[in-house]
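Shown next, in structure tokens, is the structure this report addresses.
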Amino acid sequence: MLNIFSVTASVGQDAVYSQFYANPLYLNPSLAGSAMSKRLAANYRSQWPSLNNAFASYNVSYDDYVDGIKGGIGILANTNHDVGGLLSSTSAYFIYSYHLQASKTLNVNMALGGGVYQRSIDWGALVFEHPENEIQPDNISRVVPDFNFGATLGYKDIFYAGVALHHLTQPAVNFYDDGFDKLNIRYTAHVGGNIYFDPYRNYTAAPPKLMLSPAAVYIYQNTSQQVNLGMNVTVYPFVFGAWYRNAFKNPDAIVALVGFYLRGFQFGYSYDVTISKFSNATGGAHEISLGYRFAPSQLSKRTIDKQKEIPCPRF
């Protein structure tokens, strides 16, 4: 059990959600306010459930566009339980995203998020083969300040691209005072677009009836990197998606998604079919997303004429 703890602590990484656009502020803080209306999101992911729910993640967020500060604000909280709860982490951030109209068709968002990151270990749950060798940690919980940065570009209502850097200062989250286990920067790059098949293109006021949303996301942290490629198909009010995740050293998973959105409410369920050497004996991964988008904010005519919603998919 001590070996599991040591490895997990030294190469631990942030949770990665398959429904990344249903978790916008976690993907990229510059998406705060990008819907040009109040938005709530909640996400749950259970990875490898056949192995005693080895990894479970919970996430909630809220964001809105505020006319007076020419940008979006957001609040994000995330909790992870690893190895059946042996290790856990919780983080919370406040985000400000400045929205800039670079041209009539091009919008750029730039954001900074600041908050705290907490990591803890359930030391009492550890069982040692040789108790006399047990070395009690100096701290079973560590709380550190943490900062994130993001930028997103949107072209009309058809194309977007963004980058994000999480854990900018790489704070130390070690349990022993003489050790140094830093929180490595998570680099994210994402790109995609929307292909419409109906004449109604005001994505903010109402969703399109038929749309294809191809996208790609690349994530790198410490020694781990992965790329997600795929597409969602909207047949209003339903959404269907198929995605492929590759961890570069080997193929990782095929993701199937189904969901719907209606009257501001959205629901999504996805399942990861493991295709790596682990095989699907781990139980793959289940993920559920819930969201609600309020009616568009009462913005000034000048803002409405200049600012446009960045056309990211909803899932």
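Suppose a student asked you for the relative contact order of the range 31-111, using Cα pairs under 8 Å spaced at least 6 residues apart; what percent would you report?
25
Assuming R0 = 25 Å, can you tell me the calculated FRET efficiency for the pair GLN118 and LEU165, based on Cβ-Cβ distance, to the nearest 0.05?
The computed FRET efficiency comes out at 0.80.
Which pairs in the list LYS38/LYS209; LYS70/LYS104; LYS182/LYS249; LYS249/LYS277 are over 18 Å apart, alpha-carbon to alpha-carbon?
Checking Cα-Cα distances, LYS38/LYS209; LYS182/LYS249 exceed 18 Å.
ASN52 versus PHE94, label points 7 Å from Cα toward the beta carbon: distance in nm?
About 4.0 nm separates the two model spin labels.
Counting only residues 5 or more places away or on other chains, whose amide H sits under 5 Å from the amide H of VAL116 once H atoms are built in the peptide plane?
Here the answer is ALA92, ASP146, since their amide H atoms fall under 5 Å of that of VAL116.
What does the charge count near HIS286 come to, summing +1 for each Lys or Arg and -1 for each Asp or Glu among other residues with Cβ under 9 Å from its Cβ?
Surrounding charge for HIS286 is -1.
Given labels modelled 7 Å from the Cα in the Cβ direction, how far is it in nm from VAL258 to VAL66?
4.1
If we sort 29-42, 150-163, 254-267 on the protection proxy, mean other Cβ atoms within 10 Å, highest first, what's the order?
Going by the mean number of other Cβ atoms within 10 Å, highest first, we get 29-42, 150-163, 254-267.
What is the ratio of the Cα radius of gyration of the range 193-295 to 2.2 N^0.38 Å, with N the residue count, to two decimals?
The range 193-295 yields a ratio of 1.23.
Where a number appears in this text, it was derived from the coordinates with a stated rule and is not lab data. Nothing here was measured: the structure is a model prediction, and the numbers come from that model. Reconstructed Cβ throughout: ideal geometry from the backbone, glycine too, with neighbour counts over all protein chains shown.
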